[in-house]
Structures are given as structure tokens and as C-alpha cells.
Amino acid sequence: MADPLSLAGSAVGLAATIGRVAKDVEQFMRQVREARADMDAISRELWSVRAALEMLADDVKSGVTVPQTLEDILKNCGEVTARLDATLQKYNSERLQVRVKYVWSGKETINGYRSTLAAHKGALDLAVDLITLSVLMSFQYLSDTSYFFPRIDYWENDSFSDCNEPDMELTNLK
């Protein structure tokens, strides 16, 4: 099992890196108009992954036991983000040929990153859901309503006793 605090730190660090790469994607989108649709899709995936990472970091801080696979998912997501960033830097290195390079070979590469990011986002969303479920399952009082309604006896014995008074008043009026 992985250490929750180191996972939370990794998730926060990766979220910050993804935020920086997403800004690079948006800048590239402004420079290469032919890439606008592809970069928009990449940008949306990056921001979705970042949101999932931030939720994951918040959930992991609660001290829930998390599986080792989550650490592997974070590592792989970081590698994909680094490769995407390196690809963007490669296309940005030659300003005059950027458009030609992108149209010639970049579309397929970028679409590959998009699908990989979507898969990581799905895995992270699933991890968040599983952690949430494990937190809920850790409550031993789910079947005990007194945990949720500690004053249920007040409602049963006191508050509703006045409900018969209007009936009695109606009977008295007749």
C-alpha cells in the first residue's frame, strides 16, 4: 500500500505541472490555427485530469488506505504529460515550419496523447469513486439510524404528539 501523504503530494505536483502544460497547449493553439480543434480537445482533457487529481489529493489526505496501482497511475500520467510537453516544445522550436510540421505529423501524435489522457482521467475518476466508497464503507453506523438522527426519540415522542390536537378540536366543534 502506498503512503497517502506522498500520493497527495504527487497528485498536487502533477496537477500543477498539468496546469502549466495546459497553458502551453493554449499558447500553441493560438500560434497554429490548424491545431485549434485538436488542442482544444487536449486542453479539456488536461483540465479534467487536473480536476480529478485535485479531488484525489483531497480524498487521500483523509488517511484512506490506497492501492499501489494508484501510485503507478500517477507516475504514468506524469510521463504522458512530460511527453506531451516535449512534443509541444519540439513543434515550437522552429517557428516557420510549425504549421507544416504539425499538419504533416503532429495531428496523429496529439490525438494519441488525447486518448491516453482520457484513459488516465477515467482511471483517476474511478480511483476517486473507490476512495469515496471505501470512506463510506468505513462507517459502521450506516444501518443504525441513531447515528444519523441522534434525536429521533424527540421526533417520535414529543413533536408529533401535538398532531392529534387539531383532530380533537374538530371533534369539539362538531
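Every number in this text was worked out from the coordinates using simple rules, so none of it is lab data. In this text, all values refer to a predicted model and were calculated from it rather than measured experimentally. Glycine gets a Cβ as well: all are built from the backbone with ideal geometry, and neighbour counts include every protein chain shown.
Note on the range 4-138: dipole from Cβ charges, positive end direction compared against L133, N111, I73; the farthest Cα belongs to N111.
In this structure, the amide hydrogen of V66, modeled 1.01 Å from its nitrogen in the peptide plane, lies closer than 5 angstrom to those of A2, counting only residues at least 5 positions away or on a different chain. Taken about its Cα centre, the range 18-125 carries a charge dipole of about 560 debye when Lys and Arg each add +1 at the Cβ and Asp and Glu each add -1 at the Cβ.
Dimensions of the range 4-138 from C-alpha coordinates, computed as largest minus smallest value along each principal axis and given longest first, are 58, 20, 20 Å. Converting the Cα gyration tensor eigenvalues of the range 1-72 into ellipsoid dimensions via √(5λ) gives semi-axes, longest first, of 31, 10, 9 Å.
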